[in-house]
Amino acid sequence: MSDVPKKLYIKTYGCQMNVYDSERMAEALGGQGYEQVDSPEGADMIVLNTCHIREKAAEKVYSELGRYKGLKAANPDLKIGVAGCVAQAEGAEIMRRQPMVDLVVGPQSYHRLPEMEAKARSGEKALDTDFPEELKFDHLPKGRKASRGPTAFLTVQEGCDKFCAFCVVPYTRGAEVSRPVSRVLREAEGLVEQGVREITLLGQNVNAYHGQEGGEDWGLARLIRRLAEIDGLDRIRFTTSHPNDMEDDLIAAHGDCEKLMPYLHLPVQSGSDRILKRMNRGHTAQEYLRLIERIRAARPDILMSGDFIVGFPEETEEDFQATMDLVEAVNYGQCFSFKYSARPGTPAAERPLVEQAAADDRLQRLQTLLTTQQRAAQDAMVGREVGVLFEKAGRLPGQMVGKSDHLHAVHVQCDLPVGTLARVRITESGPNSLAGELL
Ligand code: SF4
């Protein structure tokens, strides 16, 4: 292997799990002499780590690949790979439609990237979209990247068994798998040794975590409580959760585990029982509302976040009104909302779409309400004292930016180093962030 590092450019789409995966892919290819760079120009290898959640995801990947044609023509040694959920869904079709692609790797197989890269270097095509028996995490480099900020993602669970009618995850990421407790702890301790003070535990359905330790089954709450014992780790978050897996001990942890931050992303998707049933969500709107009540009883200042799909097949104005009523009842601090679009291969994709003008209008009404709630939650922070973990310098001289306990971005005039967790009084609420002063 030459001493000059080869350049690796990874473009990441989609969720935080892909951000985590891209980091681990870069670590895996680090052993092959690759160093990550910020631009595709001059790279020896380009990997698109794709997401299948958005509309026309595969088409967007093909058009992105088209942009690299010039780079490949200028440098025939450039290797191009497609990873992630589109790779899983499309498989060999990607190489058929874009012959310049050298390797295609699904989300469960990227620990095999070094062998696949070697195969591609020898001029062969490399394709791996298996769901291997061995857990990829066991085969990835044990140490995490040396230079990093004070926050990190840590995947503890992958896959989903819920089969919501609109979602591709159970098909692209496979069945639910949890990493063993000891591996998670080792990785977390390693991150803290490198200066990480906040860890976000990731999983497609993270609160379905059931890891093994000494023959015992650990749920997410027990894992969080154990992680909270790590000295130097100050904050723990987790995402994304399903309401049906919000078990009692996890709710209780929000009340009694100080390091577990008061922010919870708990998607419901619709407020109509009829649509929830058609979505195969497995719960009613009332059950969700009761759950929120119990969570707020444990942690009254928790900031709730969620996801909504508007214009799901067969959604009527009455169904949509039930969604608006649920949003009013919950009062979200932050939310993501989308107009329904079909994902090929999912049950809902077979159903007729609602009239698009009606769906657009509903989305606009919902987003207006959610934005009002979000702004009110932010404004309500003014005058409060919060913890802020500084992540980087702000745009103004002498300014630092960090996240509050409730995940609001906060700007503070100070010269504290990155990684400092400070007490701050919030003085102002802007359109997308807060301003505060050190206490
Ligand atoms: S619970 Fe989430 S990941 Fe699983 S199928 Fe439903 S939307 Fe997809």
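For residues that are part of a loop (DSSP other than H, G, I, E, B) and open to solvent by 60 Å² or more (accessible area, probe 1.4 Å), tally how many sit in the stretch 372-406.
Quick first cut of the stretch 372-406, residues part of a loop (DSSP other than H, G, I, E, B) only: 380-384, 394-398, 405-406.
Pick out the ones that are also open to solvent by 60 Å² or more (accessible area, probe 1.4 Å) and you get 380, 382, 384, 395-397.
Counting residues in the stretch 372-406 that are part of a loop (DSSP other than H, G, I, E, B) and open to solvent by 60 Å² or more (accessible area, probe 1.4 Å) gives 6.
If I ask for residues that are more than 16 Å from GLN374 (Cβ to Cβ) and either open to solvent by less than 30 Å² (accessible area, probe 1.4 Å) or in a strand (DSSP E or B) (or both), which ones from the stretch 429-439 would you list? Don't jump to the end; show me each part of the working.
Let us first name the residues in the stretch 429-439 that are more than 16 Å from GLN374 (Cβ to Cβ), namely 435-439.
Those that are more than 16 Å from GLN374 (Cβ to Cβ) and either open to solvent by less than 30 Å² (accessible area, probe 1.4 Å) or in a strand (DSSP E or B) (or both): ALA435, GLY436, GLU437, LEU438.
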Considering only the stretch 258-270, state which residues are out of contact with any Lys or Arg (no Cβ under 6 Å at 6 or more places or on another chain) and open to solvent by less than 10 Å² (accessible area, probe 1.4 Å). LEU260, LEU264, LEU266, PRO267, VAL268, SER270
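Sort out for me the helices (runs of 4 or more DSSP H) sitting completely within the stretch 215-299 that have 3 or more residues that are under 23 Å from LEU407 (Cα atoms) and touching a His at 6+ places or on another chain (Cβ under 9 Å). Give the derivation first.
Values: elements: 220-227, 248-256, 273-278, 285-298.
In the stretch 215-299, the matching helices (runs of 4 or more DSSP H) lie at 285-298.
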Is it fair to say LEU135 is modelled with pLDDT under 95, surrounded by 15 or more Cβ atoms within 10 Å (Cβ to Cβ) and of a type in the set (A, V, I, L, M)? yes
Among the residues that make up the stretch 175-197, is at least one of them within 30 Å of ALA409 (Cβ to Cβ), in contact with a Leu (Cβ under 8 Å, 6 or more places away or on another chain), at pLDDT 95 or above and open to solvent by 50 Å² or more (accessible area, probe 1.4 Å)? yes
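What tally of residues in the stretch 160-209 results from selecting those that are within 16 Å of the ligand (Cβ to nearest atom), under 21 Å from ARG235 (Cα atoms) and more than 18 Å from the chain's Cα centre (by Cα)? It would help to see each step written out before you state the result.
Residues of the stretch 160-209 within 16 Å of the ligand (Cβ to nearest atom): 160-178, 201-209.
With under 21 Å from ARG235 (Cα atoms) added as a condition, the list becomes 201-209.
Retained after the next criterion (residues that are more than 18 Å from the chain's Cα centre (by Cα)): none.
So the count comes out to 0.
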Here's a check for you: in the stretch 342-371, which residue that is among the basic types (Lys, Arg) and open to solvent by less than 70 Å² (accessible area, probe 1.4 Å) is farthest from PRO170 (Cα to Cα)? ARG362
If ASP245 passes every condition in (1) charged (D, E, K, R); (2) open to solvent by 10 Å² or more (accessible area, probe 1.4 Å); (3) more than 16 Å from the ligand (Cβ to nearest atom) but one, which one does it miss? (3)
Scan the stretch 272-289 for residues that are away from the ligand (no atom under 16 Å from the Cβ) and touching a residue at least 24 places away in the same chain (Cβ under 8 Å) and jot them down. SER272, ASP273, ARG274, ALA285, LEU289
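Every residue in the stretch 89-108 that is in contact (Cβ under 8 Å) with a residue 60 or more places away in the chain and open to solvent by 20 Å² or more (accessible area, probe 1.4 Å), please. Quick ask: steps written out before the conclusion?
Start the filter on the stretch 89-108 by keeping residues that are in contact (Cβ under 8 Å) with a residue 60 or more places away in the chain, which leaves 89, 106-108.
Hits for the stretch 89-108 are ALA89, GLN108.
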If you take just the strands (runs of 3 or more DSSP E) that sit entirely in the stretch 6-77, which of them hold at least 3 residues that are surrounded by 20 or more Cβ atoms within 10 Å (Cβ to Cβ) and under 22 Å from the mean Cα position of the chain (by Cα)? 6-12, 45-50
Can you name the condition, by its number, that VAL412 falls short on among (1) part of a loop (DSSP other than H, G, I, E, B); (2) closer than 21 Å to GLY333 by Cβ; (3) hydrophobic (A, V, I, L, M, F, W, C)? (1)
How many of the residues making up the stretch 300-330 are of a type outside the set (Ser, Thr, Tyr), under 20 Å from GLN364 (Cβ atoms) and part of a loop (DSSP other than H, G, I, E, B)? 4
Give the stretch 147-169 a look and list any residue that's open to solvent by less than 30 Å² (accessible area, probe 1.4 Å) and within 27 Å of GLN36 (Cβ to Cβ), or say none. PRO150, ALA152, LEU154, THR155, VAL156, GLN157, GLU158, GLY159, VAL169
Given the conditions (1) over 16 Å from ARG235 (Cβ atoms); (2) modelled with pLDDT of 95 or more, every one holds for ASP415 apart from (2)
Extreme residue, nearest to GLU328 (Cα to Cα), among residues of the stretch 248-269 that are within 12 Å of the ligand (Cβ to nearest atom) and aliphatic (A, V, I, L, M): VAL268
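Out of curiosity, is GLY211 surrounded by fewer than 16 Cβ atoms within 10 Å (Cβ to Cβ) and of a type in the set (Gly, Ala, Ser)?
Details: surrounded by fewer than 16 Cβ atoms within 10 Å (Cβ to Cβ): no; of a type in the set (Gly, Ala, Ser): yes.
Spelling it out, it is not the case that GLY211 is surrounded by fewer than 16 Cβ atoms within 10 Å (Cβ to Cβ) and of a type in the set (Gly, Ala, Ser).
The values are calculated or read from the model by the stated rules, or taken from the named source; none is laboratory data. Here the structure is a predicted model, which means the values were calculated and not measured. Positions of Cβ are backbone-derived with ideal geometry, glycine not excepted, and every protein chain shown enters the neighbour counts. For accessibility, only protein heavy atoms count, side chains too; no ligands or nucleic acids. Shrake-Rupley method; radii C 1.70, N 1.55, O 1.52, S 1.80 Å.
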